[in-house]
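Below: one structure, written as structure tokens.
Please treat every number below as a calculation from the coordinates, not as lab data. Remember, predicted model here, so these are calculated numbers, not experimental data. Glycine also receives a Cβ, built like all others from the backbone with ideal geometry; neighbour counts cover every protein chain displayed.
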């Protein structure tokens, strides 16, 4: 689609007719080729951010199909986080993270995963830091959905009872970080297991702790045990798509707890 945007601007302009007012004809065109318009939006965000953001907002209103991307996160959301920086895009990301759009723990989880998957963890951490000033609850919840956590997560095992609602929420967020750290630990243990018994135990514990956030690091290179091929044949596929099916149900239980 980038080639079309760069070299066939007249044709692209025809496709975009009515997008500002979201006319009936524009809606009909989008619904006849929804995937193509999502791809067009991504190309415009890269080449012509003003037009790309305008199309993005229009697609939010008219798309009838929800395209699921990596980690089970809406592809349209990931399109915004994949786009290069621009003032228009920054305004769009602020809009997507506002309570009107991200109004539940599940929506905040999708936002955090989309940011981490697409190289915008610094943006996410800045949002969390800014939230400490006034939107504390959102910042605390997002902090719990960060990836790259390592054991031990000391805050997950506090002493005594929380004295404030924010304190209680911080404890819950720490447990979310602990769960993600456990998944990474057991994945690494599985891949580097010296024998099948340890690999089987690590795999079982990995499945008990993994959730969608593992998509951020599951493909990172790691020195693998020579016995891994034998282990994989014995205990099942290590395909992340298969693995994350277990993680999806677990994440749903996390955000609803």
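For this structure, a couple of remarks:
- Degrees, to the nearest 10: 121-131 long Cα axis against longest axis of the chain: 90 degrees
- Highest-first packing order for the peptide set 209-220, 3-14, 65-76 is 209-220, 65-76, 3-14, based on the mean count of other beta carbon atoms within 10 Å.
- Taking Cα atoms only, the orientation of helix 240-255 departs from the longest principal axis of the chain by about 90 degrees.
- Model label sites at residue 106 and residue 60, defined 7 Å from Cα along the beta-carbon direction, differ in position by 1.9 nm.
- Two-site label geometry, residue 132 and residue 32: point separation in nm, points 7 Å out along Cα→Cβ: 5.3 nm
- Our estimate of slack between residue 22 and residue 86, defined as 0.36 nm per intervening residue step minus the Cα-Cα distance, is 20.6 nm.
- Under 19 Å from a label point set 7 Å out along the Cα-to-Cβ vector of residue 166, the amide N atoms of the range 89-124 belong to 99.
- With the convex hull drawn around the C-alpha atoms of the range 75-190, the volume per residue stands at 115 Å³.
- P(r) tail, the range 1-65: Cα-Cα pairs separated by more than 20 Å, 14% of all pairs.
- Where Rh is the Kirkwood radius over Cα pairs, Rg/Rh for the chain: 1.04
- The angle between the Cα long axis of helix 34-47 and the longest principal axis of the Cα atoms of the chain comes to about 90 degrees, rounded to the nearest 10.
- Annotation: extensible slack from residue 39 through residue 10 equals 8.7 nm (criterion: 0.36 nm per residue apart, minus Cα-Cα distance).
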